[in-house]
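Notes for the one structure printed next.
Read-outs throughout are calculated quantities, based only on the coordinates presented, and are distinct from any laboratory measurement. Being a predicted model, the structure only gives us computed values, none of them experimental. No Cβ is skipped: glycine too gets one built from the backbone with ideal geometry, and neighbour counts run over all protein chains shown.
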Amino acid sequence: MPELPEVETIVRKLQPILTGKILESIAILHPKSFQGEPTLLSNLKILQVTRRAKIIRVQFENSLNLILHLKMTGQAIYVDQQRRLGGGHPTSDWITQLPGKHTRVILTFLDGSHLYFNDQRLFGWMKLVTDEEVEKLFSALAPDVIDDQVTPDFLANKIKNRTQAIKVLMMDTAIMSGLGNIYACDALNQARLHPERPGKSLTGAEIAVLLEASKDVLNRGVELGGTTFDGKYVDIDGLAGEYQTVARVYGRAGKACHNCGATIVKIKQGGRGTYYCPTCQV
Ligand SMILES: [Zn+2]
């Protein structure tokens with residue numbers, strides 16, 4: 001599943017390329033993947049590409065927007081004569097002819113370039129909405145972990161009475177957005193905190209260290225273009241990320257902890273795999 005760094009990476013790649021382009025048409029190949037009247041965007045110029053949590057916003061003239069959530073298996077891939085870039089869930093669609101069998105929506109621009117929305121499992125979506133509707137949707141989302149407004153006091157207030165495990169709370173999007181499984185595991189290791197500690201057991205100092213570690217791992221994820229675990233695709237320029245090469249504990253069960261050398265173990269929490277070091281995370 002694409003996490004925040006992967007989505008941020010896609011936005012950083014698409015922003016300079018799509019800005020200023022004029023949309024010619026939208027082809028909807030699967031009705032579940034698109035909501036709205038696509039002809040409303042014909043001949044409109046793209047003003048900018050941004051992101052809030054894991055929702056990508058392509059802002060057009062006339063106060064209109066396309067918003068996109070990749071969910072489990074979505075990909076946004078831009079193709080022109082010279083290049084192919086974007087990202088999302090790693091599958092063979094990255095390298096095969098587009099449109100492919102998982103292509104659900106195709107945006108065609110006046111200059112002949114295309115943006116393909118591929119989605120194998122159809123949980124993702126693209127929606128045509130007004131500026132007002134975007135603002136309403138975005139204002140209902142908790143702030144991103146890497147936003148300045150998420151401070152140690154902010155987090156302490158949210159978790160001080162909570163008995164759930166800190167790992168589960170860190171990924172609770174009602175508290176803050178953007179910390180998926182990979183980065184939550186790694187942040188807890190960097191902060192040397194056990195993932196099963198109840199939220200309310202953390203001291204103010206521990207919360208501050210954990211929040212700093214969370215921002216650190218997410219920023220490193222963004223710098224490295226996110227995480228691509230499928231080895232078949234990691235060398236594809238413009239599509240794959242490299243965070244997996246520096247992951248602290250995620251995906252490293254049986255290997256040595258970078259802090260202390262002890263063996264990383266894997267447990268299940270809330271249906272997700274948690275990786276941690278039983279020696280230095282207490
Ligand atoms: Zn350790």
Fluctuation leader among Ile146, Ile22, Ile236 - the chain, Gaussian network, Cα springs under 10 angstrom: Ile236
Segment 71-124 and segment 128-151: distance between their alpha carbon centers, rounded to Å: 25 Å
Residue with peak Gaussian network fluctuation, the chain [Cα springs, cutoff 10 Å], from Leu218, Leu98, Leu179: Leu98
Viscosity 1.002 mPa s, temperature 20 °C, Stokes-Einstein D of segment 1-155 from Kirkwood C-alpha radius, µm²/s: 135 µm²/s
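For segment 73-161, which trypsin sites (Lys or Arg not before Pro) are both in a DSSP coil and crowded by at most 14 other Cβ atoms within 10 Å?
Values: sites: Arg83, Arg84, Lys101, Arg104, Arg121, Lys127, Lys136, Lys158, Lys160; in loops: Arg83, Lys101, Arg121, Lys160.
Those that pass, being in a loop and sparsely packed, are Arg83, Lys101, Arg121, Lys160.
Kindly state, as a whole number, the per residue volume in cubic angstrom of the convex hull around the alpha carbon atoms of the chain. Please list the in-between numbers first.
Numbers: hull volume 35.2 nm³, N = 282.
In the chain, the Cα hull volume divided by residue count equals 125 Å³.
Kirkwood Rh, Cα Rg: Rg to Rh for segment 210-282? Could the numbers behind the result be given before it?
Working: Rg = 13.5 Å, Rh = 13.5 Å.
That ratio is 1.00, to two decimals.
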GNM result for the chain, Cα springs below 10 Å: residue of Pro195, Pro152, Pro31 fluctuating most strongly: Pro31
Computed over segment 123-187, the ratio Rg/Rh where both radii use C-alpha atoms and Rh is Kirkwood: 1.04
Of Leu141, Gly124, Phe154, farthest towards positive along the dipole that unit charges on Lys, Arg, Asp, Glu beta carbons give segment 103-159: Gly124
For q = 0.09, 0.12, 0.20 Å⁻¹, Debye-computed log10 I/I(0) when each Cα of segment 112-226 counts as one equal scatterer: -0.31, -0.52, -1.07
Hydrodynamic radius (Kirkwood) for segment 53-117, which is based on Cα pairs only, to one decimal in Å: 12.7 Å
